[in-house]
Amino acid sequence: MTILATAAIGVFGFITQTENNLFQSRNNFVDQQADEALGALLYEDFITSGLTDSTMVDDYKSTDASFQGTELALLTVHGNQSRFADGQTSAKCRLTSATSELIGSVSFAADCVTIPEGDADNITIAQAINNVLDMGVPISFGVENAGGLCSSTQKIPDANADPGAIATLIVDDVQCLSSPVTGQPSVGSEIIFPRFVTYSAEDPNRFHTSLIENSTGKSTGLSITGPNSITAPSGVSRGVTDFLLSALVDNATAVVTFAAAQLQTQLLIADHHGTTVVGDNSSSVTLTGTIENLKEAIRDFFYRSPDGYFGADTLTVSVRSGSQRSTLSVPVDVTPNCGGQTNGTATRFDLGYLDNGSGTPIFDESTATFITTVSIVDDSSPTHYYGYCDPDNGDDYRYDYATGTVVSNNTCGTVGTEVYQDYSSRLMRENGVAVNQNRAINIALYEENDQMGQDRFALIVVLDSYQGICNNGLPTGVTFADKLASARSTGFALRAEDFKNNLGSLPFTWNKTIDTSTQSKKDDQRCKVVFRLSNMEPGRNLDATSDLHTFTDDPGEYTGTIGSDGTLTAHASWRNPIDGVVIPLRVTNTSTTPVQLRNYTFGNPIFELIWWDTLNAWNVRSVNTTTNTIEYQSFSFSPGGPDQTQAIRLNINQSRQCS
């Protein structure tokens with residue numbers, strides 16, 4: 001054979017191979033066009049409810065001329081049902097374990113969806129996937145935060161496709177599970193399985209398509225927009241009309257959810273505009289309806305913080321239609337109601353419980369009562385405002401007459417026009433009205449108006465039995481528990497002997513010696529309370545009589561010098577009439593003049609009530625949201641569960657100036 005002949009055979013072979021490749025490419029191109037056209041037709045039928053869920057292979061009839069005479073088959077995978085549980089924004093089918101890039105595994109609950117939904121003779125979605133694979137058609141699906149569309153040709157073992165099992169698909173190309181931006185999908189990521197699969201019944205490998213709400217059909221083009229932020233007054237319903245829903249298809253069904261991070265917030269859709277609304281006046285409200293109606297309904301949205309609450313909140317708005325989702329996060333600034341007071345500082349007190357079950361105390365905000373306190377503003381030092389002198393002990397230290405108190409003992413003398421008060425006459429007044437509540441822990445935030453520096457703020461705590469009933473009677477009962485319950489009910493204090501004999505059963509160590517050497521001392525009755533304040537200024541000497549920003553009545557009953565843990569502990573006892581303490585809230589950040597309480601650097605103090613016998617309430621200077629005035633409001637003690645203690649969290653870092 002000549003070289004020319006050899007070359008001719010080679011050329012013939014090359015041409016034959018090239019023609020075959022060209023014909024194959026042409027066929028592939030035609031099949032690809034068929035796939036895309038079929039996908040668009042399938043989507044049209046889906047959004048017009050033209051497809052029916054089934055566990056069997058159905059014939060798919062197309063009116064399009066391109067497919068006349070072509071036998072098409074249809075299998076249900078996810079079907080027409082929502083990809084989300086009712087009222088939820090989390091998907092039904094999600095990763096149960098991290099994907100494996102090594103072997104390409106995708107695991108999910110086999111029955112995350114059953115087909116048909118609610119039918120007694122249904123099958124799991126894993127079994128539906130196997131039906132597709134049995135026909136020789138690969139299953140295509142997406143995974144949230146993955147690198148692209150995945151496909152699998154390996155069946156799920158039958159046992160793993162049964163209800164209650166964990167099914168695992170092995171993808172054909174592991175690269176689909178990895179994104180250069182997000183990396184590997186995490187547990188809980190949504191798996192987007194096809195709703196339906198259609199294919200050539202004559203030759204499934206020739207062409208087939210999976211419906212995953214793809215872009216070849218009419219997409220809803222879903223998006224939600226709104227304000228950059230919201231400012232809302234505390235406890236007042238605030239209409240927000242800036243939320244806009246955009247979509248290309250108005251007649252599609254969608255779900256919109258508004259959710260506030262603050263769980264006691266009330267959200268409301270004032271006019272439902274034909275949508276179905278669940279959760280009005282709760283912290284999460286969900287609307288279901290056509291996009292056209294939803295556009296109108298979300299413009300009638302109202303936000304209302306809990307009474308007494310102010311500070312930060314976050315509103316998350318999400319919309320979904322089919323597999324399409326859009327989410328918006330809007331910060332909310334809730335401003336305080338100062339009850340008509342135009343000076344001073346508003347601070348939020350959260351009245352609730354410390355949960356000690358986990359070993360580390362955690363304040364439970366979800367059930368708290370929010371109180372807006374507004375500081376007393378006076379030119380006196382907080383100790384002078386509290387008012388004290390002790391003539392029976394040689395006038396060891398004396399403080400001026402406080403404008404908020406009434407003199408009942410003049411033996412403390414005068415200096416100029418200021419009258420020194422006896423310790424037995426501290427009946428605090430607000431606008432001429434006595435505010436001490438008998439059998440209560442009275443609390444007020446104090447602001448020294450002419451003090452611009454770090455000692456501007458203090459907390460005044462008065463433990464009150466002003467009517468002197470601690471020893472006006474005896475608690476009844478046989479057991480100590482009965483006597484304690486009686487003391488808390490009547491206000492009659494426990495006998496010293498009963499208290500001492502049962503200290504081992506109480507949740508604290510009493511820090512003072514109890515003298516029961518005589519019968520009269522055994523019968524001695526004094527009101528008692530044990531409390532703890534955290535996040536106080538370490539190293540501050542509360543007993544220093546020269547420090548006009550702190551005071552302990554009596555020394556020895558309170559932590560003298562606060563330790564490095566920033567904790568103040570009280571083991572207070574008194575008989576007639578009251579006891580108390582002035583606690584400094586020093587602001588070391590003096591970058592503003594005057595200093596701002598929100599710049600307190602030791603954290604938000606927590607006032608924890610550990611034990612008591614005769615007291616029965618907190619009495620806090622705060623805003624009455626009903627009358628919009630400032631008064632001392634009473635909040636009854638309410639013991640919590642076995643691992644809970646009553647507490648007030650002082651949200652000092654959220655404090656705002658009133659104006």
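So, in region 307-321, of the ones that are within 23 Å of K92 (Cα to Cα) and crowded, with 18+ Cβ neighbours inside 10 Å, which residue ends up modelled with the highest pLDDT?
Here is the first cut: in region 307-321, the ones within 23 Å of K92 (Cα to Cα) are 316-321.
Okay, now just the ones that are also crowded, with 18+ Cβ neighbours inside 10 Å, so 317, 319-321.
Details: V317: 95, V319: 90, R320: 86, S321: 82.
Taking the candidates together, the pick is V317.
For every residue, the table says whether it meets (1) open to solvent by less than 60 Å² (accessible area, probe 1.4 Å); (2) over 30 Å from M452 (Cα atoms); (3) among the small types (G, A, S).
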| residue | (1), (2), (3) |
| --- | --- |
| Q519 | no, yes, no |
| E537 | yes, no, no |
| T545 | no, no, no |
| G556 | yes, yes, yes |
| S564 | no, no, yes |
| A570 | yes, no, yes |
| W574 | yes, yes, no |
| I583 | yes, no, no |
| V587 | yes, no, no |
### Task
Please work out which one of (1) in contact (Cβ under 8 Å) with a residue 40 or more places away in the chain; (2) open to solvent by 10 Å² or more (accessible area, probe 1.4 Å); (3) in a strand (DSSP E or B); (4) more than 17 Å from G640 (Cα to Cα) is the condition L351 fails and give its number.
(4)
### Summary
Only unsatisfied item for H78, checking (1) in contact with a Cys (Cβ under 7 Å, 6 or more places away or on another chain); (2) open to solvent by less than 10 Å² (accessible area, probe 1.4 Å); (3) in a loop (DSSP other than H, G, I, E, B), is (1)
### Summary
When S90 is run through (1) at pLDDT below 85; (2) in contact with a Phe, Trp or Tyr (Cβ under 9 Å, 6 or more places away or on another chain); (3) buried (at least 20 other Cβ atoms within 10 Å of the Cβ), the failure sits at (3)
### Query
Could you list, in sequence order, the residues of region 516-545 that are within 36 Å of the chain's Cα centre (by Cα) and assigned to a loop (DSSP other than H, G, I, E, B)?
S534, N535, M536, E537, P538, G539, R540
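How about region 546-635: which strands (runs of 3 or more DSSP E) wholly inside it have at least 2 residues that are at pLDDT 90 or above and either closer than 25 Å to S655 by Cβ or of a type in the set (S, T, N, Q) (or both)?
Values: elements: 551-553, 568-574, 578-584, 606-612, 617-624.
Here the list reads 568-574, 578-584, 606-612, 617-624.
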### Message
Would you confirm, using the coordinates I've provided, whether T403 is in a loop (DSSP other than H, G, I, E, B), modelled with pLDDT of 90 or more, of a type outside the set (A, V, I, L, M) and surrounded by fewer than 20 Cβ atoms within 10 Å (Cβ to Cβ)?
### Response
no
### Task
Sort out which residues of region 479-507 are more than 42 Å from the chain's Cα centre (by Cα) and at pLDDT below 95, and write them in order of number.
none
### Task
For region 277-289, state whether one or more residues are surrounded by 19 or more Cβ atoms within 10 Å (Cβ to Cβ) and in contact with a His (Cβ under 9 Å, 6 or more places away or on another chain).
yes
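Collect the residues in region 322-338 that are open to solvent by less than 10 Å² (accessible area, probe 1.4 Å) and closer than 30 Å to V377 by Cβ, keeping them in residue-number order.
V332, V334
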### Task
Hey, can you tell me all the residues within region 470-523 that are within 17 Å of D579 (Cβ to Cβ) and among the charged types (D, E, K, R)?
K512
### Task
Quickly run through region 467-505 and pick out the residues that are surrounded by fewer than 21 Cβ atoms within 10 Å (Cβ to Cβ), in a loop (DSSP other than H, G, I, E, B) and not small (G, A, S).
Q467, I469, N471, N472, L474, T476, V478, T479, N502
### Query
Under 7 Å by Cβ, and 6 or more places apart or on different chains, what pairs join a residue from region 106-135 that is within 20 Å of S90 (Cβ to Cβ) and without any contact (Cβ under 8 Å) to a residue 12 or more places away in the chain with one that is of a type outside the set (V, I, T) and surrounded by fewer than 22 Cβ atoms within 10 Å (Cβ to Cβ)?
none
### Query
Of all residues in region 581-595 being within 30 Å of the chain's Cα centre (by Cα) and aliphatic (A, V, I, L, M), which is farthest from S375 (Cα to Cα)?
V587
### Filtered residues of region 281-326 (kept if closer than 30 Å to G79 by Cα, among the small types (G, A, S), in contact (Cβ under 8 Å) with a residue 40 or more places away in the chain and part of a strand (DSSP E or B))
S318, S321, S326
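Just for region 240-260: of the residues that are closer than 19 Å to T286 by Cβ and either of a type outside the set (A, V, I, L, M, F, W, C) or touching a His at 6+ places or on another chain (Cβ under 7 Å) (or both), which one is surrounded by the fewest Cβ atoms within 10 Å (Cβ to Cβ)? Don't jump to the end; show me each part of the working.
Taking region 240-260 as the starting set, the residues that turn out to be closer than 19 Å to T286 by Cβ are 240, 243-245, 247, 252-260.
Applying the additional criterion that residues be either of a type outside the set (A, V, I, L, M, F, W, C) or touching a His at 6+ places or on another chain (Cβ under 7 Å) (or both) yields 253, 257.
Numbers: T253: 15, T257: 22.
That would be T253.
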#### Entry: So T231, is it among the hydroxyl-bearing types (S, T, Y), part of a loop (DSSP other than H, G, I, E, B) and either surrounded by 14 or more Cβ atoms within 10 Å (Cβ to Cβ) or modelled with pLDDT of 90 or more (or both)
no
### Summary
(1) under 20 Å from the mean Cα position of the chain (by Cα); (2) crowded, with 19+ Cβ neighbours inside 10 Å all hold for L263 apart from (2)
### Query
Right, R649: part of a strand (DSSP E or B), of a type in the set (K, R) and open to solvent by 30 Å² or more (accessible area, probe 1.4 Å) or not?
yes
### Message
Against the definition (buried (at least 16 other Cβ atoms within 10 Å of the Cβ) and touching a His at 6+ places or on another chain (Cβ under 6 Å)), how does A297 come out, yes or no?
### Response
yes
### Top-ranked residue in region 614-646 [being under 20 Å from G340 (Cβ atoms) and among the charged types (D, E, K, R); ranked as surrounded by the most Cβ atoms within 10 Å (Cβ to Cβ)]
R621
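The values are calculated or read from the model by the stated rules, or taken from the named source; none is laboratory data. Predicted model only: the values in this text are computed from it and were never measured. Ideal geometry is used to build each Cβ from the backbone, glycine not excepted, and the neighbour counts take in all protein chains shown. These area figures cover heavy atoms from the full protein model, side chains too; ligands, DNA and RNA do not enter into them. Shrake-Rupley method; radii C 1.70, N 1.55, O 1.52, S 1.80 Å.
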